[in-house]
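Asks: To start, I am sharing the structure in question, which I have written as structure tokens.
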Amino acid sequence: MSFKFIQEVISPKELKKAYPMPERDVLRKKERDRQIKDVITGASDKFLVIIGPCSADNEDSVCDYVSRLAKVQSKVEDKLILIPRIYTNKPRTTGEGYKGIVHQPNPEKEPDLQEGIIAMRKMHLRAIAETGLTAADEMLYPENWPYVEDILSYVAVGARSVEDQQHRLTISGMDVPAGMKNPTSGDFSVMLNSVVAAQASHTFLYRQWEVETSGNPLAHTVLRGAMNKHGQSITNYHYEDLMRLVNMYQERDLQNPAIIVDSNHANSNKNYKEQPRIIKEVLHSRKISSDIANYVKGVMIESYIEGGSQKINEHIYGKSITDPCLGWEESEKLIYTIADNV
């Protein structure tokens, strides 16, 4: 039992030098960051829609998807800010299966972390260059953040990572919004504790350095449903759930209290076709409660070009090889429905 050291991978500094962000895109990201931050802080009443594939497995189809999203963004820009999901790391409950493009740039070949890190950055850069939309990614591995810190406009911390101290402390050093999901147990207190930790300043060991962070005032909560002791899904997007979280927020001294509702995962019991219905209910709750309207700042949707999912060796363009996603036609229609109801 031991570690086998395969190769020393490229450093963040070397990667950024090899694949820099053009100045035009630096300015576009700065403006996008400002707009998204204004939603989280309440300076803007626009609504966030974090939408895209479960996992970003193919550069061409992902950038095709983001290009479609950009065309819709121009039509709803007075109401919505669309943030494409370009999730390059995929958590696996048992450790088996496709772990994302960072692990396997080619899902049918052996892992290659060196090429995977390069593929991750290239895909994000291409999406920005072609569409002007900066993306969200999941922070599965805290040490990967320096590779994309100049690119991402939103970071999500998953249900299995949110209780981990290194994730919380790393988020405290970021300057973009970070969504802290409720843990698989569904405990709201654990989720709020993660926000408290992420908003505070910390000193800790990070990538061979002793570092001090300033705290991230844009850290907030994400409701994604939970699992009970029998492995059954428990939803937490209903009016009562939202009000409970609002009340718990009001009992704590947190900056920029905000809630995002994830319409898939345990909230839909991974039935991707339920996402439009769930989002419509959340929008209705915002209409009948000013508190919910003030706190719920956006939604998350798993969506791709083709609906459903496929096995890795099926090669259907734009179809998820991990969790099933809503197809493009349904997704576009849902975006317009959201814009009409916020």
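The values are calculated or read from the model by the stated rules, or taken from the named source; none is laboratory data. No experiment lies behind these values; they were computed from the predicted model shown. All Cβ positions, glycine included, derive from the backbone under ideal geometry; neighbour counts span all protein chains shown.
Asks: Counting only residues that are farther than 25 Å from residue 176 by Cβ and small (Gly, Ala, Ser), which one in region 80-102 is surrounded by the fewest Cβ atoms within 10 Å (Cβ to Cβ)?
Replies: Result: 95.
Asks: Next up: Give the residues of region 114-138 that are hydrophobic (A, V, I, L, M, F, W, C) and within 16 Å of residue 52 (Cβ to Cβ), sorted by residue number.
Replies: Once the filter is applied, which keeps residues that are hydrophobic (A, V, I, L, M, F, W, C) and within 16 Å of residue 52 (Cβ to Cβ), region 114-138 yields 120, 123, 127, 128, 133, 135, 136.
Asks: Report, by residue number, each residue of region 182-210 that is aromatic (Phe, Trp, Tyr) and more than 21 Å from the chain's Cα centre (by Cα).
Replies: The answer is 204, 206, 209.
Asks: Would it be correct to say that residue 105 is crowded, with 20+ Cβ neighbours inside 10 Å, out of contact with any Ser or Thr (no Cβ under 7 Å at 6 or more places or on another chain) and at pLDDT below 95?
Replies: When the stated conditions are applied, residue 105 passes them.
Asks: Identify, please: which residue in region 301-315 is among the aliphatic types (A, V, I, L, M) and either within 25 Å of residue 81 (Cβ to Cβ) or in contact with a strand residue (DSSP E or B) (Cβ under 8 Å, 6 or more places away or on another chain) (or both) and is, among those, surrounded by the fewest Cβ atoms within 10 Å (Cβ to Cβ)?
Replies: For region 301-315, the residue satisfying everything is 305.
Asks: Further question on the same structure: Against the definition (among the charged types (D, E, K, R) and closer than 21 Å to residue 275 by Cα), how does residue 253 come out, yes or no?
Replies: No.
Asks: List pairs: first in region 37-59 and farther than 13 Å from residue 80 by Cβ, second part of a loop (DSSP other than H, G, I, E, B) and charged (D, E, K, R), Cβ under 7 Å, 6+ apart or cross-chain?
Replies: Between residues of region 37-59 that are farther than 13 Å from residue 80 by Cβ and residues that are part of a loop (DSSP other than H, G, I, E, B) and charged (D, E, K, R), the close pairs are 54/323; 55/90.
Asks: Of everything in region 216-251, what is modelled with pLDDT of 95 or more and in a loop (DSSP other than H, G, I, E, B)? Give them in sequence order.
Replies: 216, 217, 218, 224, 225, 235, 236, 237, 238, 251
Asks: Then there's this: Can you pull out every residue in region 182-205 that is more than 26 Å from residue 232 (Cβ to Cβ), touching a helix residue (DSSP H, G or I) at 6+ places or on another chain (Cβ under 6 Å) and in a helix (DSSP H, G or I)?
Replies: Those that are more than 26 Å from residue 232 (Cβ to Cβ), touching a helix residue (DSSP H, G or I) at 6+ places or on another chain (Cβ under 6 Å) and in a helix (DSSP H, G or I): 197, 198.
Asks: Exactly one condition in (1) free of Cβ contacts under 8 Å to residues at least 40 places away in the same chain; (2) within 25 Å of residue 51 (Cα to Cα); (3) aromatic (Phe, Trp, Tyr) is not met by residue 204; state its number.
Replies: Failed condition: (2).
Asks: Hey, does region 46-65 have a residue that's within 18 Å of the chain's Cα centre (by Cα), hydroxyl-bearing (Ser, Thr, Tyr) and under 19 Å from residue 330 (Cα atoms)?
Replies: Yes, because at least one residue in region 46-65 is within 18 Å of the chain's Cα centre (by Cα), hydroxyl-bearing (Ser, Thr, Tyr) and under 19 Å from residue 330 (Cα atoms).
Asks: Have a look at 281, 332, 302 and point out the one that is in contact with an Asp or Glu (Cβ under 8 Å, 6 or more places away or on another chain), of a type in the set (Asp, Glu) and touching a residue at least 24 places away in the same chain (Cβ under 8 Å).
Replies: Among 281, 332, 302, only 302 is in contact with an Asp or Glu (Cβ under 8 Å, 6 or more places away or on another chain), of a type in the set (Asp, Glu) and touching a residue at least 24 places away in the same chain (Cβ under 8 Å).
Asks: Scan region 115-126 and report the pairs whose first residue is under 17 Å from residue 7 (Cα atoms) and whose second residue is part of a helix (DSSP H, G or I) and at pLDDT 95 or above, with Cβ atoms within less than 6 Å and a gap of 6+ or a chain change.
Replies: Once the first residue is under 17 Å from residue 7 (Cα atoms) and sits in region 115-126, its partners that are part of a helix (DSSP H, G or I) and at pLDDT 95 or above give 117/147.
Asks: Let me confirm something: among 297, 319, which residue is in contact with a strand residue (DSSP E or B) (Cβ under 7 Å, 6 or more places away or on another chain), of a type outside the set (A, V, I, L, M), buried (at least 21 other Cβ atoms within 10 Å of the Cβ) and more than 27 Å from residue 176 (Cβ to Cβ)?
Replies: Sole residue among the options that is in contact with a strand residue (DSSP E or B) (Cβ under 7 Å, 6 or more places away or on another chain), of a type outside the set (A, V, I, L, M), buried (at least 21 other Cβ atoms within 10 Å of the Cβ) and more than 27 Å from residue 176 (Cβ to Cβ): 319.
Asks: Another one. Tell me, which residue of region 246-258 that is surrounded by fewer than 23 Cβ atoms within 10 Å (Cβ to Cβ) and among the hydrophobic types (A, V, I, L, M, F, W, C) is nearest to residue 157 (Cα to Cα)?
Replies: 254
Residues are listed down the side, and each one gets a yes or a no for (1) within 20 Å of the chain's Cα centre (by Cα); (2) more than 21 Å from residue 156 (Cβ to Cβ); (3) not acidic (Asp, Glu):
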position	(1), (2), (3)
277	no, yes, yes
287	no, yes, yes
313	no, yes, yes
318	yes, yes, yes
332	yes, yes, no
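Asks: Can you find a residue in region 213-230 that is exposed (fewer than 14 other Cβ atoms within 10 Å of the Cβ), over 26 Å from residue 279 (Cα atoms), out of contact with any Lys or Arg (no Cβ under 6 Å at 6 or more places or on another chain) and touching a residue at least 12 places away in the same chain (Cβ under 8 Å)?
Replies: yes
Asks: Need pairs with beta-carbon distance below 6 Å; first residue of a type in the set (S, T, N, Q) and within region 157-182, second in a loop (DSSP other than H, G, I, E, B); sequence gap 6+ or separate chains.
Replies: 172/202; 172/213; 172/215; 172/216
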